[in-house]
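Asks: Quick one: the structure is below, questions incoming.
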Amino acid sequence: MIPYKTLLRIDRSSKQALHIQLTNQFIDLIKARTLIANAKLPSSRTLSKLIGVHRQTVVASYEELALQGWVKSIVKKGTYVNEDVPVLQQQWVNDRPNARARQSGFQFRKALFLNRVFPQHFDKDYIYINDGVSDERLAPVNEIATLYRKLSNKKYVRDYMGYGTTYGNATLREVLVDYLNITRGLNITIDNILITRGSQMGMFLASQLLIETSGYIVIGETNYSSADTTFQYANAKLLRVRVDKDGLDTKEIETLAKTYNVRAVYTTPHHHHPTTVTLSAQRRIHLLNLSKTYGFAIIEDDYDYDFNYNHAPILPLASHDINGNVIYVGSVCKTVAPVYRVGYLVASKDFVDECAKLRRFVDRQGDAILELTFASFIKEGNLDRHINKVTKIYKTRRDFFCKLLKAELDDYLSFQIPKGGMAIWAILNKSYSWNKVTEIALKHKLIIPEWQRYDMANLNHNAIRIGFASYNEDEAVELVSRLKNIMLELS
């Protein structure tokens with residue numbers, strides 16, 4: 001006799017319906033073979049008395065079990081476990097089924113280069129050194145929320161609630177065409193732009209299309225590590241070239257292009273990631289000419305075009321491209337706040353069309369209402385006003401942070417004051433290592449994440465990026481103070 005009174009437990013405080021609780025417990029008993037094939041279940045009246053529920057609760061449970069195929073009801077005879085249900089092969093631990101195994105029972109691709117270690121949680125009194133992000137406290141949340149609510153109340157917005165185009169919202173594309181043509185000197189139409197969830201998605205789509213089985217992509221010897229990983233995942237072979245005060249060494253690129261079938265060159269020309277240097281005008285033209293001669297693509301990641309402190313923004317490579325060789329990716333995310341996943345990919349029409357096809361199977365579409373919101377946000381001048389506002393703040397923070405570093409840490413690290421962007425390239429004195437600094441930092445509640453990603457080529461340059469834009473003066477003082485205490489402990 002099966003002890004149903006002990007095995008079946010009803011939790012009346014649970015939000016789950018009682019008959020569903022009962023149904024799920026019966027299913028577990030059948031899977032565990034506590035109830036074997038053709039076993040007869042108690043009558044609804046008997047079971048309701050045993051476990052203290054209404055008879056209709058048991059009736060509803062039996063009906064659900066029958067609908068799912070676990071049991072069968074025979075008129076005037078009762079309810080029986082279905083003999084057609086096969087035995088489920090599963091691992092049992094301490095007389096209970098292992099609901100979700102930690103290890104898969106099948107083979108799949110594991111890419112070690114995808115491994116990243118980010119602290120998932122830390123107390124508020126810890127300081128996290130980022131590599132150059134905007135201050136989300138300055139984000140124009142109220143303006144964006146007001147526009148979003150206003151649009152949501154419009155009757156026509158229902159037209160955007162279903163599946164839409166994989167190219168992104170047409171209104172935002174048109175607005176961005178005008179905006180990028182004016183601010184970046186581009187000469188594009190709506191056919192040249194695809195809305196993405198950020199520049200990272202643009203790089204992913206581009207690399208998947210450029211690399212068929214294997215191919216070469218040229219990157220800097222110091223480079224944005226996420227770009228490295230994206231290209232590796234596309235099975236690209238990475239060729240590294242020197243980066244100096246004028247950016248990527250295009251003469252080295254030319255030498256490689258003569259030897260290898262280079263599919264693309266990846267560059268962050270405005271402020272090279274991670275060193276912050278700007279690609280010189282001479283090298284920009286040289287790179288464009290090389291792309292025409294050797295038929296490779298230029299993936300131009302203009303991740304922080306908007307923040308310049310010493311001069312007007314330098315026009316991107318895409319503004320000079322007349323041969324369809326530049327794939328230009330950017331986003332609103334870094335300018336406004338990372339949570340707003342709105343970016344763009346600009347390229348020749350045929351390439352954009354192919355990206356749109358692939359995007360269907362990666363991320364069917366973005367948030368059409370959010371895209372409409374940003375179309376209004378840009379068209380009404382809110383984006384320009386936000387950029388003007390935060391650029392002044394970030395310049396002040398850059399100047400203060402650099403002055404503070406010079407005064408407090410000059411004996412330990414060196415740097416050049418960046419002309420733009422949101423971070424500095426800090427080179428640690430060779431007497432110390434970031435490995436040891438990172439280890440000691442935790443004692444001082446300072447987190448330096450993944451310093452190794454700044455030296456993917458193993459150059460031993462002993463440098464990392466330290467963001468300044470997201471720290472106000474008090475926070476900057478505290479960060480530098482903790483870093484100085486760490487260095488004094490190591491001295």
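Asks: Looking only at segment 139-380, where both bridge partners belong to it, what percent of the DSSP beta bridges are antiparallel (to the nearest 5)?
Replies: So the antiparallel bridges amount to about 35 percent of the total.
Asks: Could you list the trypsin sites (Lys or Arg not before Pro) in segment 428-459 that lie in coil according to DSSP, counting only those with at most 12 other Cβ atoms within 10 Å of their Cβ?
Replies: Here the sparse-neighbourhood loop sites are K430.
Asks: In segment 356-407, which trypsin sites (Lys or Arg not before Pro) are in a loop and have at most 16 other Cβ atoms within 10 Å, using DSSP for the loop call?
Replies: Counting only loop positions with at most 16 other Cβ atoms within 10 Å, the trypsin sites (Lys or Arg not before Pro) in segment 356-407 are R360, R364.
Asks: So, in nm, how far is label R102 from label D244 when the simple model puts each one 7 Å beyond its Cα toward the Cβ?
Replies: 5.2
Asks: When only Cα pairs under 8 Å and 6 or more residues apart are kept, what is the percent relative contact order across segment 243-371?
Replies: 19
Asks: Here is a follow-up. What figure in square angstrom, to the nearest 10, would you give for the accessible area of M201 with a 1.4 Å probe?
Replies: Rounded to the nearest 10, that gives 30 Å².
Asks: How charged is the neighbourhood of S225? Take every other residue with its Cβ under 15 Å from the Cβ of S225, and add Lys/Arg as +1 and Asp/Glu as -1.
Replies: Net charge around S225: -2.
Asks: If I stretch the segment between R55 and K76 completely, what's the gain in nm (0.36 nm per residue apart, minus their alpha carbon distance), one decimal?
Replies: This chain segment gains 5.8 nm when fully extended.
Asks: So for the chain: antiparallel DSSP bridges make up what percent, rounded to the nearest 5?
Replies: Roughly 55 percent of the DSSP beta bridges within the chain come out antiparallel.
Asks: So, one more: Counting other Cβ atoms within 10 Å, keep those with at most 16, restrict to DSSP loop, and tell me which trypsin sites (Lys or Arg not before Pro) in segment 1-76 are left.
Replies: Sites meeting the loop and neighbour criteria: R9, R12, K15, R33, K76.
Asks: Sequence neighbours fewer than 8 away in the same chain don't count; with that in mind, list the lysines whose C-alpha is under 23 Å from K349.
Replies: K292, K357
Asks: Sort the chain into rounded, prolate or oblate with this rule: let a ≥ b ≥ c be the square roots of the eigenvalues of the Cα gyration tensor; rounded if a/c is under 1.5, and if a/c is not under 1.5, prolate when a/b is larger than b/c, oblate otherwise.
Replies: It comes out prolate by the Cα gyration axes.
Asks: At 1.4 Å probe size, with every protein chain present, just tell me what the per residue accessible area of the chain comes to in Å².
Replies: 53
Asks: Taking the Cα atoms only, what angle lies between the long axis of helix 281-294 and the longest principal axis of the chain, rounded to 10 degrees?
Replies: 60
Asks: Next up: Given Cα pairs under 8 Å that are at least 6 residues apart, what percent is the relative contact order of the chain?
Replies: Reported as a whole number, the value is 18 percent.
Asks: If amide hydrogens are placed 1.01 Å from N in the peptide plane, which non-local residues have theirs closer than 5 Å to the one on V241?
Replies: Amide H neighbours of V241, under 5 Å, 5+ apart: I219, G220, E221.
Asks: While we're on this one: Given only helices, namely DSSP H runs of n ≥ 4 each adding -39500 (n - 2.57), what is the per-residue ellipticity at 222 nm of the chain, to the nearest 500 deg cm²/dmol?
Replies: -12000 deg cm²/dmol
Asks: Suppose R0 equals 56 Å; then what is the FRET efficiency for R158 and S414 from their Cβ-Cβ distance, rounded to the nearest 0.05?
Replies: About 0.45, to the nearest 0.05.
Asks: Here's something else I'd like to know. Using only Cα atoms and rounding to the nearest 10 degrees, what angle (0 to 90) does helix 55-68 make with the longest principal axis of the chain?
Replies: It works out to around 60 degrees.
Asks: Rank these residues by their accessible area, most exposed first, probe 1.4 Å: M203, M161.
Replies: M161, M203
Asks: Could you work out the local net charge near A476, counting Lys and Arg as +1, Asp and Glu as -1, over the other residues with Cβ closer than 15 Å to its Cβ?
Replies: +1
Asks: On C-alpha positions alone, give me the angle between the axis of helix 141-152 and the longest principal axis of the chain, in degrees, nearest 10.
Replies: 60
The values are calculated or read from the model by the stated rules, or taken from the named source; none is laboratory data. On a predicted model such as this, the values are computed, not experimentally measured, just so you know. In this analysis, Cβ positions are derived from the backbone assuming ideal geometry, glycine residues included, and neighbour counts consider all displayed protein chains. Surface areas here come from the heavy atoms of the whole protein model, side chains and all, with no ligands, DNA or RNA. Shrake-Rupley method; radii C 1.70, N 1.55, O 1.52, S 1.80 Å.
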